[in-house]
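One structure is given below, encoded as structure tokens.
The values are calculated or read from the model by the stated rules, or taken from the named source; none is laboratory data. Here the structure is a predicted model, which is why all the values come from computation and not from measurement. In this analysis, Cβ positions are derived from the backbone assuming ideal geometry, glycine residues included, and neighbour counts consider all displayed protein chains.
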Amino acid sequence: MEQNLVPPPQRRNFLMIMLGGVGGLLAVAAGWPIFRFLMPDKGDDSAGQVKIGRELVQPGSSHFFQYLGRPAVVLQPSPGKFVALSAVCTHLGCVVQWQEDQGQFLCPCHGGRFSEDGAVVSGPPPEPLETLPVVLEGDQILVG
């Protein structure tokens with residue numbers, strides 16, 4: 001007795017469609033993180049100002065925070081004077097570190113150095129750190 005089996009061409013077509021569907025899903029799953037890496041968010045420009053308490057920034061010290069989706073830093077080089085800068089190195093985009101004992105920012109990737117006002121002191125960075133507007137309002141530092 002013959003059984004009702006699916007003929008080979010129909011089975012082959014079904015398997016090819018299923019294999020194509022699974023392969024397509026795997027390609028999308030693998031490609032999505034790559035797409036997100038290559039097309040990062042521009043940041044929300046409507047974020048406005050960032051408020052930081054003055055007590056967080058003592059003379060000679062720094063305070064790192066996020067400004068429009070990017071790392072930024074505010075420091076008080078001398079009493080009552082506040083400077084806010086982007087914390088992203090202008091060479092390759094690494095996040096700089098504040099060296100309190102030297103009074104400079106250091107880029108850990110290639111050794112670039114920036115002064116307390118963001119100017120290039122040494123190393124490969126082609127431009128100074130981006131300066132951000134700072135306003136004092138009572139016991140708050142407003143950046144942006």
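If I go through the stretch 78-94 residue by residue, how many of them are surrounded by fewer than 16 Cβ atoms within 10 Å (Cβ to Cβ) and either part of a strand (DSSP E or B) or not assigned by TED's automatic domain parsing to the domain that holds residue 50 (or both)?
Result for the stretch 78-94: 2.
Of a type in the set (A, V, I, L, M, F, W, C) and modelled with pLDDT under 85: does that describe residue 16?
no
For residues in the stretch 45-77 being outside any strand (DSSP E or B) and of a type in the set (Ser, Thr, Tyr), which is nearest to the chain's Cα centre (by Cα)?
46
Under the condition of being touching a helix residue (DSSP H, G or I) at 6+ places or on another chain (Cβ under 9 Å) and part of a loop (DSSP other than H, G, I, E, B), which residue from the stretch 95-144 is farthest from residue 66 (Cα to Cα)?
138
Just to check your reading of the model, which residue among 78, 61 is of a type in the set (Gly, Ala, Ser), without any contact (Cβ under 8 Å) to a residue 40 or more places away in the chain and in contact with a Leu (Cβ under 8 Å, 6 or more places away or on another chain)?
61
Provide a single number: the residues in the stretch 100-139 that are among the polar types (S, T, N, Q) and farther than 17 Å from residue 61 by Cβ.
Result for the stretch 100-139: 2.
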